[in-house]
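**Student:** Let me give you the structure first, and then I'll get to my questions.
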Amino acid sequence: MKISDKTSIAMPMRNLISIVVAVGIGVWAYFGIVERINKLETSKQLMEADLLKKAEQTPKNLEMIMLIEHNAEILEKHQKQLDENIHTKVLLMEAEKKINKLQDDVEKLIRKNGNH
């Protein structure tokens, strides 16, 4: 049998349609797989970029930042208490002065009444 460009092949129409449909499904599946691979590669690249940004801040750095923030809150609280204590100290000093003056006045009154 010699094969040339004029060789004819007899094929039922059902087989020809089946081959065309199978090729169409194969092409559709191939492009679906290629699209899925592209999506996965894109999301992988985006995730790697995010990880690289986060890798610049190591866990130790993040822990130190959290400790600094915590210590700043404690310092603010202590400063407020210190300010309140300073105010109390001033009030106590004033009260002590008044008490000393009252003691002096009482002693003067006792001396004055005791001498009469």
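**Student:** Run the accessible area of region 5-116 with a 1.4 Å probe and give the carbon-and-sulfur part as a rounded percent.
**Tutor:** 64
**Student:** While we're here: Find the Rg to Rh ratio for region 71-116, where Rh is the Kirkwood radius over alpha-carbon pairs and Rg uses the same atoms.
**Tutor:** Numbers: Rg = 19.8 Å, Rh = 13.3 Å.
Answer for region 71-116: 1.48.
**Student:** In addition: Please work out which option in (i) 18.1; (ii) 15.3; (iii) 25.3 gives Kirkwood radius over Cα pairs in Å calculated from these coordinates, and answer with its label.
**Tutor:** Step by step, Kirkwood radius over Cα pairs in Å for this structure corresponds to label (iii).
**Student:** If you don't mind, another one. Please determine, in degrees from 0 to 90 and to the nearest 10, the orientation of helix 13-55 with respect to the longest principal axis defined by the Cα atoms of the chain, where the helix direction is its Cα long axis.
**Tutor:** 20
**Student:** Work from the charge dipole of region 37-116 (Cβ charges, +1 for Lys and Arg, -1 for Asp and Glu, about the Cα centre) and give the residue of Val90, Leu102, Ile37 farthest towards its positive end.
**Tutor:** Leu102
**Student:** Would you mind working out the magnitude of the charge dipole of region 1-72 relative to its Cα centre, with +1 at each Lys and Arg C-beta and -1 at each Asp and Glu C-beta, to the nearest 20 Debye?
**Tutor:** Value, rounded to 20: 620 debye.
**Student:** Here is a follow-up. Does anyone have the angle between helix 59-115 and the longest principal axis of the chain? Alpha-carbon axes, 0 to 90°, nearest 10?
**Tutor:** 10
The values are calculated or read from the model by the stated rules, or taken from the named source; none is laboratory data. Keep in mind that what you see is a predicted model, and the values were worked out from it rather than measured. Note: ideal-geometry Cβ built from the backbone for every residue, glycine included; neighbour counts use all protein chains shown. Accessible surface is based on the protein model in full, side chains and every heavy atom, while ligands, DNA and RNA are left aside. Shrake-Rupley method; radii C 1.70, N 1.55, O 1.52, S 1.80 Å.
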